[in-house]
Amino acid sequence: MSDVFLANSADRGDVMKDRGDGIANIPGIGEYRLSRKGNLQGITRYLGRGEGLDASGPWVYLNEFEKGSVIKFHQHNAARIEFIIEGEIEWREPGKTPQRFGANHMSYVDAGTVYGYEVLEDVKILLVFNAAPTLSSL
């Protein structure tokens, strides 16, 4: 017998919200100091089961970031697929030429890959990780 799990992004709040002490409890990542966000403007919705530190996957997130937002170099301890639903980003990896990706682009990133990006046009991105995506900022 299979079990079906459904989530509607419109029903999910921003997991990057301050819990009152400058820290957010992000499902699959854990406690995250919001000062690390830099100029990142937008929201992240978790589409898996549970909330905060009690989340249990699947590890799916919907990011909606405003033009000019910069996602600093970081890495995850899980591989991930990223699908750009709308908008455009400039993808960056240390030592490599930046690349532009827009709506309908899909990328696969191995666990441990260091990357970041700048949002060139308001963007909506679906992220699917193969495990809890614990985060390492650089």
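The values are calculated or read from the model by the stated rules, or taken from the named source; none is laboratory data. Since we're looking at a predicted model, the values are computed, not measured. We place every Cβ from the backbone using ideal geometry, glycine too, and count neighbours over all the protein chains shown. Only protein heavy atoms, including side chains, enter the accessible area calculation; ligands, DNA and RNA are left aside. Shrake-Rupley method; radii C 1.70, N 1.55, O 1.52, S 1.80 Å.
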Straight-line reach from Lys17: which aspartates and glutamates have a Cα under 15 Å away, not including same-chain ones fewer than 8 places off? Glu31, Glu51, Glu64
C-alpha center-to-center spacing [region 73-100, region 14-29] in angstrom: 22
Cα gyration tensor shape for region 22-94, rounded if a/c is under 1.5, else prolate or oblate: prolate
Just to verify a number: FRET efficiency for Gln41 and Leu6, C-beta to C-beta distance, R0 = 30 Å, to 0.05? 0.55
Give the residue list of trypsin sites (Lys or Arg not before Pro) in region 39-138 that are DSSP loop and have at most 16 other beta-carbon atoms within 10 angstrom. Lys67, Lys96
Residue of Pro27, Pro98, Pro58 that the Gaussian network model of the chain assigns the largest fluctuation, springs spanning Cα pairs under 10 Å: Pro98
Inter-part gap, Cα centre of region 116-138 to Cα centre of region 38-60, in whole angstrom, is 11
What residue among Thr97, Thr44, Thr113 shows peak mean-square fluctuation when the chain is described by a Gaussian network model with Cα springs under 10 Å? Thr97
Which value in nm describes the separation of the simple spin-label points at Glu93 and Lys72, placed 7 Å from the Cα toward the beta carbon? 2.2
Using a 1.4 angstrom probe on the protein heavy atoms only, could you order Ile81, Ile29 from most to least accessible area? Ile81, Ile29
Residues listed by number, region 1-36, amide nitrogen under 14 Å from Arg49 label point at 7 Å toward C-beta: 2-7
The chain: percent of C-alpha pairs farther apart than 23 Å? 30
Taking every other residue with Cβ under 15 Å from the Cβ of Ala111 and scoring Lys and Arg +1, Asp and Glu -1, one gets -2
Pop out the carbon and sulfur fraction of the accessible area of the chain as a percent, whole number, probe 1.4 Å. 48
Restricting attention to region 17-95, which chymotrypsin sites (Phe, Trp or Tyr not before Pro) occupy a DSSP loop and are surrounded by at most 16 other Cβ atoms within 10 Å? none
